[in-house]
Amino acid sequence: MKNKSTSSRRHSRQNVLQVRVMTPRIAWLGLLGFFGSLAKITCVFAILAALGWGVWRGMQVAFYRNPDFRLQVIDLNSNPAIDELRVASVIGIDLASNPSLFDIDVSKATEQLKGLPEITDAKIERHLPDTLVVRVTPRVPKAWIRCKASGISEVRKTGGMLVDQDGVTYQCPESQIGSAARLPVIDLSDEDAEKPAAGKRITQPELERALALLKAASDADAQATLWIDTIRQVNKWSLELVTREGTTAVFSLGDHSRQIENLRAALAHAGSRGYVIDTINLIPTHNIPITIRSETKPPKAIPVVIDETAALDRAEEKKSTAATTRN
């Protein structure tokens, strides 16, 4: 019994000690310790934030606000589609404010240039200290589009509709009118005409056939765009090509290479004989019918190059001869 009572008292003391450990004072000290740890963590974050702010301010001073990194030059590759002023306008650069290179979002600016219908690809880079390097790949036009049903009648003018070999159309910018003015015109019929939209591909068989004929002509003669004036599909089985001299040539919807060679041979023969072909039907493989204009082709003027030095020498010789004769 004695041992049992002693053991009971021992357990009672342990319970009392545990209760005493959980007194309010101990709990308060624990809470203070928690807040102290939290304050230390807060101080660490504050120091890190201060360091970050200091780094940011340092970058502002060293890069963004540094006058040495102000935009001074837009280095643009030579191209007929866009110039430096339009590049600045498209990507939203105010040249008067003389912005820092680091204020320009290069990725966004690149996408903005790529979004232009007359541009197929673009790349922009910062070249320190003051240069923005811009490289663009312009769309290469093959012809003008004229479609009266869609209200597109202006050709060979700024704002007229150009088309490349893939059938993608875009409005001619002012900077490209010089190189595009001599391109042929493709006339689209008014029936079921698809309205050309800038930057979009026209999926119209009529246009595809005309472009195929133009490509065959260009493959045979690199100067073909200089003597072809217009191309159009006149019916379900033939195309019509009109030259700059007014010769009307009829083509089938295929077999263009043979027909182009026959046309070139006929035009060369007519030129050598001094007459002008009015119409020619190139669809037959033999006995190609042609009509000739009533007026003959005027002969080309042959330029005469005069050597001015030699002419002066001859004049002096004549004067000397005349003086000798008189004496």
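The values are calculated or read from the model by the stated rules, or taken from the named source; none is laboratory data. Here the structure is a predicted model, which is why all the values come from computation and not from measurement. As a convention, Cβ positions derive from the backbone with ideal geometry for all residues, glycine included, and neighbour counts pool all protein chains shown.
Could you check, for the range 126-144, whether at least one of its residues is outside the structural domain of I228 (by TED's automatic domain parsing) and of a type in the set (D, E)? Yes - at least one qualifying residue is present in the range 126-144.
If I ask for residues that are among the polar types (S, T, N, Q) and exposed (fewer than 14 other Cβ atoms within 10 Å of the Cβ), which ones from the range 207-254 would you list?
From the range 207-254, those among the polar types (S, T, N, Q) are 218, 223, 225, 230, 233, 235, 238, 243, 247-248, 252; that's our starting set.
Q223, N235 - these are the residues of the range 207-254 that are among the polar types (S, T, N, Q) and exposed (fewer than 14 other Cβ atoms within 10 Å of the Cβ).
Tallying residues that are touching a Leu at 6+ places or on another chain (Cβ under 9 Å), under 15 Å from A224 (Cα atoms) and in a strand (DSSP E or B) within the range 237-247 yields 2. Among residues of the range 139-159 being buried (at least 20 other Cβ atoms within 10 Å of the Cβ) and either of a type in the set (S, T, Y) or under 20 Å from the mean Cα position of the chain (by Cα) (or both), the one that is nearest to Q233 (Cα to Cα) is I145. On the stretch given as the range 41-67, residues that are surrounded by 12 or more Cβ atoms within 10 Å (Cβ to Cβ) and at pLDDT 70 or above total 1.
Of the candidates P205, P129, P173, P117, the single residue that is over 22 Å from the mean Cα position of the chain (by Cα) and touching a residue at least 60 places away in the same chain (Cβ under 8 Å) is P129.
Identify all residues within the range 219-233 that are closer than 11 Å to H256 by Cα and modelled with pLDDT under 95; write none if there are none. The answer is none; no residue qualifies.
Being aliphatic (A, V, I, L, M), under 26 Å from G115 (Cβ atoms) and touching a strand residue (DSSP E or B) at 6+ places or on another chain (Cβ under 6 Å) is the requirement here; does V234 meet it? Don't jump to the end; show me each part of the working.
On the way: aliphatic (A, V, I, L, M): yes; under 26 Å from G115 (Cβ atoms): no; touching a strand residue (DSSP E or B) at 6+ places or on another chain (Cβ under 6 Å): yes.
No.
Pairs linking a residue in the range 81-103 that is farther than 25 Å from E118 by Cβ to a residue that is aromatic (F, W, Y) and crowded, with 19+ Cβ neighbours inside 10 Å, with Cβ atoms under 9 Å and 6 or more positions apart or on different chains, are S100/F69; L101/F69; F102/F69.
Taking first residues from the range 270-288 that are farther than 18 Å from L241 by Cβ and partners that are among the hydrophobic types (A, V, I, L, M, F, W, C) and part of a strand (DSSP E or B), the Cβ contacts under 8 Å between residues at least 6 apart in sequence or on separate chains come to Y275/I292. None of R209, R156, R201 is of a type in the set (D, E, K, R) and touching a Leu at 6+ places or on another chain (Cβ under 7 Å) except R209. Annotation: G167 fulfils all but one of (1) buried (at least 21 other Cβ atoms within 10 Å of the Cβ); (2) touching a helix residue (DSSP H, G or I) at 6+ places or on another chain (Cβ under 9 Å); the unmet one is (1).
Can we say T247 is of a type in the set (V, I, T), at pLDDT 95 or above and more than 15 Å from D187 (Cβ to Cβ)? It would help to see each step written out before you state the result.
On the way: of a type in the set (V, I, T): yes; at pLDDT 95 or above: yes; more than 15 Å from D187 (Cβ to Cβ): yes.
Taking the combined requirement at face value, the residue satisfies it.
When L241, L263, L282 are checked against the criterion of being more than 37 Å from the chain's Cα centre (by Cα) and at pLDDT 95 or above, L282 stands alone in meeting it.
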